[in-house]
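S.K.: Have a look at this one before I ask anything.
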Amino acid sequence: MAFDKNFLWGGATAANQCEGGFDKDGRGLANVDVCPIGEDRIKVISGKMKMFDFDDKHYYPAKLGIDMYNHYKEDIKLFGEMGFKVYRLSIAWSRIFPKGDEDRPNEEGLKFYEDVFKECLKYNIKPLVTITHFDCPIHLTKEYGSWKNRKIVKFYENLCHAIFNRYKGLVEYWITFNEINAILHAPFMVAGLYFEDGENVEQLKYQAIHHQFVASALATKIAHEVDPNNKVGCMFAAGTYYPYSSEPEDVFAAQQRGNMSYFFIDVQSRGKYPNYMLKKFERENINIIMEDGDLELIEKYTADFISFSYYRSRCASGDPSKYEKDQDSVSNIALDIKNPVLKQTEFGWTIDPLGLRVTLNDIYNRYQKPLFIVENGLGAYDKPDENGYVEDDYRIDYLRDHIKHMRDAVVLDGVELWGYTTWGPIDLVSAGSGEMSKRYGFIYVDRDDFGKGTLKRTKKKSFEWYKKVIASNGEDLD
Ligand code: P53
């Protein structure tokens, strides 16, 4: 027996990348809506170019997504057919609180997700809900500076009260913030942060992060009070850093780069700011303003489980400028370098299935809490035939190799793992590039980068494969 009989197999999406319906039933505008496709995207998502509304010069792929707002019944039925035990999805904050600072939630928004969760439960699919997958009502950015401002913690708390109470009995797995560490590289897309010239970006980022830590602890507290069955996890973009060589400088660089991500989980899971970070703040003159009781909250309400995305391992050197950069719009801002011994995807992402086992062991050794892989998958240019059918053996190969090593981590290393959800079980808009043509799905969606297409759903070859994997509880990977 490899996996526990209750192992949660499934897939993961985010509201802003698939729902569309950006102005339907009272929904407010959000940061994620106004991130355009094209060369300005990187400037906008990193908070360097101001974009608080749509303009005529850009195309905004999230406005339509794959129109899951109107197709969710059909899509969840397909997930049910694949045998999903869990479906990870996110709530669009601005459907529930269109501006973010209202006293009362928008009933139509609440109702929408209630219907979605009920639809999942019809097929015995447990919803795993990300409370914020990058989104923030744009009003909160404009009026308050989003997470820079302490007041947002209260607004987030209001959101938590509304959803935990309304969805009691329907949802028991929650994630407070998607890829909480991604705020470092894409602060506008990830947290609605925009920086004016002359602002102290580092200071403000870490202040915003502190607010998220407090908000996350409060969410855990409220979730447990509302329903003791609730399990609340933290979530980060993972992928162990390898040293470029056995030079001690490279080993040290890898450890230090790793800490910049582990920092978040050290706080959220161990409940304390780690010393290496306090020292860094001291050296760099970063002063985080805290309220009385913040550190107690953070210590008391730590995560019940640790979830993460894994697409690849990462590589670091003591002198990164000497080497080729790791290719990807977001990590280009970071100092990751290309690992010369591993192959890359068409989009330049390193492929490292054994790295998943390395990463699982690293995280488990550090925290000894249950883990959940909530994103893993291959983004590729699919070529459908005239019927929309895609023979995506490359995707099957990628997933098979990762699942094998995940199995070894569980069976041979004893890592405690609750489940595995692949990213984008149905094609959706890419967060990094805004492209529709970077596809991850078992289900093809007829839509191009600029919104043309019938939106028709067609099963790919990987659909039947994943169905078999789930039916055999991970035994049959052929
Ligand atoms: P895409 C990179 C850039 C942006 C978001 O990424 C990312 C990453 C990878 O760490 O994180 C997650 O769509 C994210 C998803 C996203 C997925 O990676 O750029 O949680 O929203 O779609 C894949 O190929």
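The values are calculated or read from the model by the stated rules, or taken from the named source; none is laboratory data. Every value quoted in this text rests on a predicted model; they were computed, and no experiment measured them. Ideal geometry is used to build each Cβ from the backbone, glycine not excepted, and the neighbour counts take in all protein chains shown. When the accessible area is computed, the model is the full protein with side chains, heavy atoms only, and any ligands, DNA or RNA have been set aside. Shrake-Rupley method; radii C 1.70, N 1.55, O 1.52, S 1.80 Å.
S.K.: Loop only per DSSP, at most 11 neighbouring Cβ atoms within 10 Å: give me the chymotrypsin sites (Phe, Trp or Tyr not before Pro) in the stretch 357-397, ordered by residue number.
M.R.: Tyr381
S.K.: Within 10 Å, at most 16 other Cβ atoms, and a DSSP state outside H, G, I, E, B define an exposed site. Report the longest part of the chain free of exposed GluC sites (Glu not before Pro).
M.R.: In the chain, the maximal stretch lacking such sites is 103-195.
S.K.: Now for a different question. Antiparallel DSSP bridges in the chain: what percent, to the nearest 5?
M.R.: Rounded to the nearest five, the antiparallel share is 15 percent.
S.K.: If you don't mind, there's one more thing I want to ask. Determine how many Å³ per residue the convex hull of the Cα atoms of the stretch 354-478 encloses.
M.R.: In the stretch 354-478, the Cα convex hull volume per residue is 108 Å³.
S.K.: Shifting gears a bit: Under a 5 Å amide H to amide H cut-off, with H placed in plane at 1.01 Å, what residues pair with Ser437 once short-range neighbours are removed?
M.R.: Answer set, sorted by chain and number: Asp449.
S.K.: What distance in nm separates the two pseudo spin-label positions at Glu102 and Gln368, each 7 Å out from Cα along the beta-carbon direction?
M.R.: 4.7
S.K.: Hey, another quick one. Using Cα pairs under 8 angstrom and six or more residues apart, how large is the relative contact order of the stretch 86-233, in percent?
M.R.: 28
S.K.: Viscosity 1.002 mPa s, temperature 20 °C: Stokes-Einstein D of the chain from its Kirkwood Cα radius, in µm² per second?
M.R.: The Stokes-Einstein estimate is 96 µm²/s.
S.K.: Grab the beta carbon distance between Leu455 and Asp227, set R0 = 41 Å, and tell me the FRET efficiency rounded to 0.05. If you can, show how the numbers build up before the last one.
M.R.: On the way: r = 36 Å, r/R0 = 0.88.
It comes to 0.70.
S.K.: Give me the percent relative contact order of the stretch 8-471, please, defined on Cα pairs under 8 angstrom at least 6 residues apart.
M.R.: 17
S.K.: Further question: Summarise the accessible area of the stretch 45-155 (1.4 Å probe, protein heavy atoms) by the percent that is carbon and sulfur.
M.R.: Reported share for carbon and sulfur atoms: 47 percent.
S.K.: Residues with amide H under 5 Å of Leu8's amide H, sequence separation 5 or more or different chain, H placed in the peptide plane at 1.01 Å from N; which?
M.R.: Distant-sequence amide H within range of Leu8: Gly419, Tyr420.
S.K.: In addition: Run lengths n ≥ 4 of DSSP H only: what is the helix-derived mean residue ellipticity at 222 nm for the chain, with -39500 (n - 2.57) per run over all residues, to the nearest 500?
M.R.: Calculated from helices alone, the mean residue ellipticity at 222 nm is -11500 deg cm²/dmol.
S.K.: When only DSSP loop residues count, what trypsin sites (Lys or Arg not before Pro) in the stretch 216-294 have their Cβ near at most 14 other Cβ atoms within 10 Å?
M.R.: Lys272
S.K.: Could you pull out every residue, at least 5 positions away or on a different chain, whose amide H is within less than 5 Å of the one on Tyr444? Hs are placed 1.01 Å off N in the peptide plane, and Pro or chain starts have none.
M.R.: Thr458, Lys459, Lys460
S.K.: Once all Cα-Cα distances of the stretch 3-115 are split into 5 Å bins that start at 0, what whole-number percent is in each one?
M.R.: Calculated over all Cα pairs of the stretch 3-115, the distribution is 2, 11, 18, 19, 17, 14, 11, 6, 3, 1, 0 percent.
S.K.: List, in order, the whole-Hz ³J(HN,Hα) value for each residue of the stretch 177-190 obtained from phi through the Karplus relation with A = 6.51, B = -1.76, C = 1.60 and θ = phi - 60°; use x for Gly and Pro.
M.R.: Couplings: 9, 6, 5, 4, 6, 5, 4, 5, 9, 10, x, 6, 5, 7 Hz.
S.K.: Just flag the trypsin sites (Lys or Arg not before Pro) in the stretch 96-192 sitting in loop per DSSP whose Cβ has no more than 13 other Cβ atoms within 10 Å. Display every interim value, and only then the final one.
M.R.: Values: sites: Lys99, Lys111, Lys118, Lys122, Lys142, Lys148, Arg150, Lys151, Lys154, Arg166, Lys168; in loops: Lys99, Arg150, Lys168.
Sites meeting the loop and neighbour criteria: none at all.
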